[in-house]
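Q: The following block contains the structure, expressed as structure tokens.
Each value in this text was obtained by applying a stated rule to the coordinates, not by laboratory testing. As the structure is a computational prediction, the values presented were derived from the model and not from experiment. All Cβ positions, glycine included, derive from the backbone under ideal geometry; neighbour counts span all protein chains shown.
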Amino acid sequence: EYSFTGQVRFQGEPQASGLPEYIKIVEVGPRDGLQNEKVIVPTDIKIELINQLSKTGLPAIEVTSFVSSKWVPQMADHKEVMRGIERHPGVQYPVLTPNLQGFHSAIAAGATEVSVFGAASESFSKMNINCSIEESIERFEEVTKSARNMNIPVRGYVSCALGCPYEGNIVPDKVAEVSKRLYSMGCYEISLGDTIGVGTPGSMKKMLEAVMKEIPLSALAVHCHDTYGQALANILTAVQMGVAVVDSSVAGLGGCPYAKGATGNVATEDVIYMLNGLGINTGVNLCAVMEAGNFICTALNKKTNSKVAQASFSTATIN
Amino acid sequence: MASLPHSPITGAGDPWRGAEPAPKQTAPCLPGAPGTSKAGAIRARRARRRAEPQGKMPRCDTGGAARDSTWGQVSSGAAASGAYPKRVKVVEVGPRDGLQNEKNLVPTPVKINLINMLSETGLQVIEATSFVSPKWVPQMADHTEVLQGIKKSPGISYPVLTPNLRGFQAAVAAGAKEVSIFGAASELFTQKNINCSIEESLERFEEVMRAAKEASIPVRGYVSCVLGCPYEGKISAAKVAEVSKKMYSMGCYEISLGDTIGVGTPGSMREMLAVVMKEVPVGALAVHCHDTYGQALANILVALQMGVSVVDASVAGLGGCPYAQGASGNVATEDLVYMLNGLGIHTGVDLQKLMDTGTFICNALNRKTNSKVSQACCRL
């Protein structure tokens, strides 16, 4: 069984409390965040955002997506972004590659880590990438095979881990099954996504228990959406169960395409605030992230979705 | 079925600074970041702001992670077993705490309708109004009309705030059957808020307690600033426990611990509750979390894990934070109930009816809801 641990993770022994000593934050704002923003963001803004994020201490920043620009116009400039960003040592810059073609294109543009996106729901898989889960797995296997040959780590995502916009309830065993397929084919980490944010600490716990039977804890990440305000509580639940990798998006960039006007990704600032308060090390400078959030919100002419940022900037402007 | 880790969550770290890296680990290479001159300038600016006089909200500056050695202890009850309470009582504070912090003055009939609608949702406790001087709190000037105008459903309690004996007497005359008194764990906050010291405020409350006992009126005690103060910054858990104990000993049947400026995190919530629970039985404790920093539901989750089974919330998340302009305040009842439902915890509250009530009051106030559940369901 092939497994590649990808980047070195500075994960110490669990604390006496049972919580991880260190949590790796995977910043998905430039990709998942911007992909779900209505306004097309100029390439130089994207590059500047990523460069600012690179200076915050974040260990992983998802840069862009090598998908057809026909499907995702926001990511049409993937090559320019990939080539244009500063690459800081010790920071990973994964990119999405839905298939072999995207993978090769990504490598040619200088990518050194890629991600593949599966789903725990057949309907979602069909609606999103126009094929069944099984067919998507076959596509990903092509990617992971090539990646292995080139020593490129692959991260696997499982969408709809806590609910599907089409199917509704998702059985935890299905999430475990898809996760296991991705892990077995060589993904070093599986990010479990609450795509529509319907999960609660109750469903998060049940799902993780099922998945943890198949995948080692150290290879798990959670990707929570805050559409129903549950993200931090869900992340806390995952962290209490030992999960030590959390995805988030600066300024909470990226709405939910399935609930108009609703929020999507959890804000990196709010996650870090919570983890700091728990005494968990992330290596990330919260104020620097807030600055990057401020930058991108100004550029997008929108308000931040981060409550920490809202509270801080408004306190700062009082008097 | 695997259970939650036995040991409690670790001690409170500084939410701004975070944990210092553990000595034997090295954090990923941090080129540039904290050492840059730009970062330094920003820090200097923030430090200057911290030093400025009252009205500003100082950072909770603990100078790094506080890994208190008491954290290794396993707390008894829910946290150790990973269980949650089977039932949670939701105390709805929207009509009082919520509206009090809304800018627009709400007409009396709207307040009455709001409370009547809330009475239909299954909520057992609805804080109706506040018998304070209209000079201080104009929003609550119609307290008598509201209390007398609402339809009082049997089985539902409609507590009202009474800051002193005069307010208590006015409340009882208007038909109040339960009252609340508001203490604080911070001297400066007490001075600024009610113009006296904590000790003096407790003396005032003693008068109310005596009268309430005679009239067989239950009294709920609130303690503000339990996880941080807009003036003093960090608040010691021991102080919270001391004030809570005094209020409980004088006869309050329940103590609601308020994170008034929402700066708390699961770490500081845990630390505070562990200390308070040594002085006040957990069955008499409630949490009143503000969502100003987005931490409310996570903080509430921790409180539940420690055995707390009474949670305050405000429909539609009514009520901003007076200390951070534009920031949110109370946690939204809808979002709380959504979470409790997902945990299989019984509340008796009909989420749909609650959302409808939220829609009503937001329309009346001409504002958007602060409830994410409502937003997601395409409501205002």
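Q: Assign one of three labels to chain A, namely rounded, prolate or oblate, based on the Cα gyration tensor with a ≥ b ≥ c the square roots of its eigenvalues; rounded applies when a/c is under 1.5, prolate when it is not and a/b is larger than b/c, and oblate otherwise. Write out the running numbers ahead of the final one.
A: Numbers: a/c = 1.32, a/b = 1.13, b/c = 1.18.
Rounded.
Q: Follow-up. Counting only residues 5 or more places away or on other chains, whose amide H sits under 5 Å from the amide H of residue B:180 once H atoms are built in the peptide plane?
A: B:160, B:161, B:162, B:220
Q: Over the whole of B:299-311, what's the average partner chain Cβ count within 10 Å per residue? Rounded to a whole number, please.
A: Mean shielding by partner chains, rounded to a whole number: 2.
Q: Mean residue ellipticity at 222 nm from the helices of chain A, using -39,500 (n - 2.57) per DSSP H segment of n ≥ 4 over the full residue count, to the nearest 500 deg cm²/dmol?
A: The per-residue figure over chain A is -12000 deg cm²/dmol.
Q: Separate question: As a footprinting exposure proxy, order A:188, B:158 by other Cβ within 10 Å, with the fewest listed first.
A: A:188, B:158
Q: Sticking with this structure for a sec: Looking at the square roots a ≥ b ≥ c of the eigenvalues of the Cα gyration tensor of region B:98-241, which shape do they give, rounded for a/c under 1.5, prolate if a/b is larger than b/c, or oblate?
A: Judged from the Cα gyration tensor, region B:98-241 comes out prolate (a/c at least 1.5, a/b above b/c).
Q: Nearest 0.05, what FRET efficiency do residue A:86 and residue A:303 give at R0 = 41 Å with Cβ-Cβ as r? Don't skip to the answer; put the middle values down first.
A: Details: r = 28 Å, r/R0 = 0.68.
So, using R0 = 41 Å, E works out to roughly 0.90.
Q: Normalising by the residue count of region A:230-319, find the relative contact order in percent from Cα pairs under 8 Å and 6+ residues apart. List each step's numbers first, then the result.
A: On the way: 88 pairs, mean separation 24.9, N = 90.
Here the relative contact order equals 28 percent.
Q: Considering the options B:235, B:308, B:190, tell which one lies farthest towards the positive end of the dipole of region B:177-327, charges being +1 on Lys and Arg and -1 on Asp and Glu at the Cβ, about the Cα centre.
A: B:308
Q: Going by how many other beta carbons lie within 10 Å of each one, how would you line up A:175, B:226, A:67, fewest first?
A: On the way: A:175 27, B:226 32, A:67 23.
So the ranking, lowest neighbour count to highest, is A:67, A:175, B:226.
Q: Would you mind putting B:121-134, A:130-143, B:272-285 in packing order, based on average other-beta-carbon counts within 10 Å, highest first?
A: Ranked from most to least packed, the peptides come out as B:121-134, B:272-285, A:130-143.
Q: Cut-off 16 Å, label point 7 angstrom out along Cα-to-Cβ of residue A:45: give me the residues of region A:283-303 whose amide nitrogen falls inside.
A: A:292-303, by backbone N distance to the label point.
Q: Over all residues in A:266-276, what is the mean tally of Cβ atoms on other chains that come within 10 Å of each residue's Cβ?
A: 5
Q: With a cut-off of 8 Å between alpha carbons and a minimum separation of six or more residues, what is the relative contact order of chain A in percent?
A: Rounded, it is 20 percent for chain A.
Q: Run the dipole for region B:79-186 about the Cα centre, Lys and Arg Cβ at +1, Asp and Glu Cβ at -1, nothing else charged, and hand back the magnitude in debye, nearest 20.
A: The dipole of region B:79-186 has a size of about 180 debye.
Q: Between residue A:131 and residue B:103, take the C-beta separation as r, use R0 = 51 Å, and let me know the FRET efficiency to the nearest 0.05.
A: Numbers: r = 52 Å, r/R0 = 1.02.
It comes to 0.45.
Q: Additional query: Between residue B:341 and residue A:180, what is the label-point separation in nm under the 7 Å Cα-to-beta-carbon projection?
A: Result for the modelled spin labels: 3.3 nm.
Q: Averaging sequence separations of C-alpha pairs under 8 Å and six or more residues apart, then dividing by the length of region B:228-349, give the relative contact order as a whole percent.
A: Numbers: 193 pairs, mean separation 27.0, N = 122.
Computed over region B:228-349, the figure is 22 percent.
Q: Sort B:87, B:270 so that the residue with the fewest other Cβ atoms within 10 Å of its own Cβ comes first and the one with the most comes last.
A: If I rank by nearby Cβ atoms, fewest first, I get B:87, B:270.
Q: Return the FRET efficiency for the residue pair residue B:238, residue B:83: r is the Cβ-Cβ distance, R0 is 22 Å, and the value is rounded to the nearest 0.05.
A: 0.20
Q: Report the extension gain between residue A:138 and residue A:167 in nm, rounded to one decimal, defined as 0.36 nm multiplied by the number of residues separating them, less their alpha carbon distance.
A: Separation in residues times 0.36 nm, less the Cα-Cα distance, equals 8.2 nm.
Q: Follow-up. I'd like to know which of A:146, A:166, A:176 lies farthest towards the positive end of the charge dipole of region A:136-183, counting +1 on Cβ of Lys and Arg and -1 on Cβ of Asp and Glu.
A: Among A:146, A:166, A:176, the one farthest towards the positive end of the dipole of region A:136-183 is A:146.
Q: Does region B:158-234 classify as rounded, prolate or oblate by the C-alpha gyration tensor (a ≥ b ≥ c root eigenvalues; a/c under 1.5 gives rounded; else a/b over b/c gives prolate, otherwise oblate)?
A: prolate
Q: To the nearest 20 debye, what is the magnitude of the charge dipole of region A:107-206 about its Cα centre, counting +1 on the Cβ of each Lys and Arg and -1 on the Cβ of each Asp and Glu?
A: Approximately 220 debye in magnitude.
Q: While we're here: For chain A, can you list the cysteines whose C-beta has no other cysteine C-beta under 4.7 Å from it?
A: Cysteines of chain A left without a disulfide-compatible partner: A:131, A:187, A:224, A:256, A:287, A:297.
Q: Shielding by partners for B:366-377, please: the mean number of other protein chain Cβ atoms within 10 Å of each residue's Cβ.
A: 4
Q: Setting aside same-chain residues fewer than 8 positions from residue A:260, which lysines have a Cα under 26 Å from its Cα?
A: A:38, A:46, A:70, A:126, A:302, A:303, A:307, B:353, B:368, B:372
Q: If we sort B:140-146, A:107-113 on the protection proxy, mean other Cβ atoms within 10 Å, highest first, what's the order?
A: B:140-146, A:107-113
Q: For labels at residue B:352 and residue A:149 in the simple 7 Å Cα→Cβ model, what's the distance in nm?
A: Taking the two extended label points, one gets 5.7 nm.
Q: With +1 on each Lys and Arg Cβ and -1 on each Asp and Glu Cβ, and nothing else charged, work out how big the dipole of region A:166-319 is about its Cα centre, in Debye to the nearest 20.
A: That gives a dipole near 180 debye.
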